[in-house]
Amino acid sequence: MNLLHHLFVIITALVVTLAVTPLVRLVGNRWGIVSKTGGRHVHHGVVPRIGGVAMFAGFAAAMLMRWAGEAFWGWPASLTLVGEPVAGLLVGLTLMFGVGLLDDILDLSAGQKLVGQILAALVAYMPWAASGVRIDFIGNPFGGGLLLIGVLSLPVTLFWMVGFANVINLIDGLDGLAAGITAIAAVSLLVLAEESNQALAAVLAAALVGVCVGFLRYNFNPASIFMGDSGALFLGFTLACIALLGVMKSVAAITLVVPLLIIGVPVFDTLSAIVRRRRGGRPLHEADKGHVHHRLLGRGFSQRQTVLIIYVWSIALAVGGYAMRWAAPMFRIMTFMVLAGLSGLMAYWLGLFEVAHHEEE
């Protein structure tokens, strides 16, 4: 029974993440790999920022457990399917985690991080390229028809993967925010992948759910550890790959809109940041205090209230993304219009496109 197998994956990821996080927190404190108060940070005191190590450990343990189930206990194949891009994909995920970890420890430049992210995406894309960790065609989300993109497949796919990784990284500004949003998105992608019979995507999504829920035990306000770039880049990159393998792999489901809606809040936040920084004549990579969570805090909400508001917003968009996956074209249009309108009203109320104060990281 797939549901039971997914539950084992979730529990394994959750338990290992719960067990390893205190050890990682201790290492971060002893080695001085911490985030300090100041700039755009809203926390108080010194907090370790390498929680991504524990998250990656939980994910790796879940993958190992799933492989053992398939190899020894007769579980349906997903990691061992011939032709699936499992090895290249897992190496790519590991490289993305490594780039984030190096940044947490050494504070890489924006250019160095980007090169590392592109390399990780290339590794996931190139081996077994025909198996699905790529975008070969784009469909009309409101009707039928497919557009083959040919030689644009590589740049479009790399943009997709690197973009996903960075939108989660940008939203990671409050205790429990990125982990909670990722968990919500992973649950949605797990359901969609299972309904589309995309076994590998479902397994990856299940592992991500367990990792995020386990990490939230230590990361929800008041957080005793942050995931850092090692966690945020890894989560975003994994979501990108799940979307390519799951929602977008089936021809009937090909659409860029569904996964973008599922992670709609960080996508919307990133787009507004780009507009805001262009209007202010600032570099796109320069940090500011104009993100969704900063604006909600400025409205007088507490950290916990702000995170819960964004959770509700994310759930609404995820449900809308699920509805668009299966609904008739007319209902897809209506769903998209309603969600876009509500998000637009939220952006106007918060002033997301207004120039904000810029702070050092």
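Values for this structure:
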item: Subset of the range 163-176 [aliphatic (A, V, I, L, M), assigned to a helix (DSSP H, G or I) and buried (at least 22 other Cβ atoms within 10 Å of the Cβ)]; result: ALA165, VAL167, ILE168, ILE171
item: Residue check, ASP107 at pLDDT 85 or above, among the acidic types (Asp, Glu) and surrounded by fewer than 21 Cβ atoms within 10 Å (Cβ to Cβ); result: yes
item: Any pair with Cβ under 9 angstrom, 6 or more apart, that starts in the range 44-58 at a residue that is within 14 Å of LEU102 (Cα to Cα) and touching a residue at least 60 places away in the same chain (Cβ under 8 Å) and ends at one that is basic (Lys, Arg) and in a helix (DSSP H, G or I); result: ILE50/ARG25; GLY51/ARG25
item: Positions within the range 329-343 being surrounded by 15 or more Cβ atoms within 10 Å (Cβ to Cβ), touching a residue at least 24 places away in the same chain (Cβ under 8 Å) and more than 13 Å from PHE268 (Cβ to Cβ), in sequence order; result: ARG332, ILE333, PHE336
item: So ARG299, is it touching a helix residue (DSSP H, G or I) at 6+ places or on another chain (Cβ under 8 Å), exposed (fewer than 14 other Cβ atoms within 10 Å of the Cβ), closer than 21 Å to PHE220 by Cα and modelled with pLDDT of 85 or more; result: yes
item: When residues of the range 185-198 are limited to those that are buried (at least 24 other Cβ atoms within 10 Å of the Cβ) and not polar (S, T, N, Q), the one nearest to LEU4 (Cα to Cα); result: LEU190
item: Filtered residues of the range 307-361 (kept if aromatic (Phe, Trp, Tyr), in a helix (DSSP H, G or I) and either at pLDDT 75 or above or more than 19 Å from ALA243 (Cα to Cα) (or both)); result: TYR311, TRP313, TYR322, PHE331, PHE336, TYR348, TRP349
item: Tally, over the range 102-129, of residues that are hydrophobic (A, V, I, L, M, F, W, C), assigned to a helix (DSSP H, G or I) and either in contact (Cβ under 8 Å) with a residue 40 or more places away in the chain or in contact with a strand residue (DSSP E or B) (Cβ under 6 Å, 6 or more places away or on another chain) (or both); result: 8
item: Test: residue in the range 89-101 that is part of a helix (DSSP H, G or I), over 21 Å from VAL211 (Cα atoms) and either at pLDDT 95 or above or among the aliphatic types (A, V, I, L, M) (or both); result: no
item: Pair list, Cβ < 8 Å and 6+ apart or interchain, from the range 1-16 residues that are closer than 15 Å to ALA61 by Cβ to residues that are of a type in the set (Phe, Trp, Tyr) and assigned to a helix (DSSP H, G or I); result: ALA13/PHE59
item: Qualifying residue in the range 202-216 (condition: in contact with a helix residue (DSSP H, G or I) (Cβ under 8 Å, 6 or more places away or on another chain), of a type in the set (Phe, Trp, Tyr), buried (at least 23 other Cβ atoms within 10 Å of the Cβ) and assigned to a helix (DSSP H, G or I)); result: yes
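Every residue, every condition in (1) within 25 Å of PHE336 (Cβ to Cβ); (2) at pLDDT below 90; (3) out of contact with any Lys or Arg (no Cβ under 8 Å at 6 or more places or on another chain); (4) buried (at least 16 other Cβ atoms within 10 Å of the Cβ), yes or no:
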position: ALA232; (1), (2), (3), (4): no, no, yes, yes
position: GLY236; (1), (2), (3), (4): yes, no, yes, yes
position: LYS249; (1), (2), (3), (4): yes, yes, yes, yes
position: LEU256; (1), (2), (3), (4): yes, yes, yes, yes
position: ASP269; (1), (2), (3), (4): yes, yes, yes, yes
position: ARG279; (1), (2), (3), (4): no, yes, yes, no
position: LEU284; (1), (2), (3), (4): no, yes, no, no
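The values are calculated or read from the model by the stated rules, or taken from the named source; none is laboratory data. These figures come from a predicted structure and were not determined experimentally. Cβ sites come from the backbone with ideal geometry, for glycine too, and all protein chains shown count toward neighbours.
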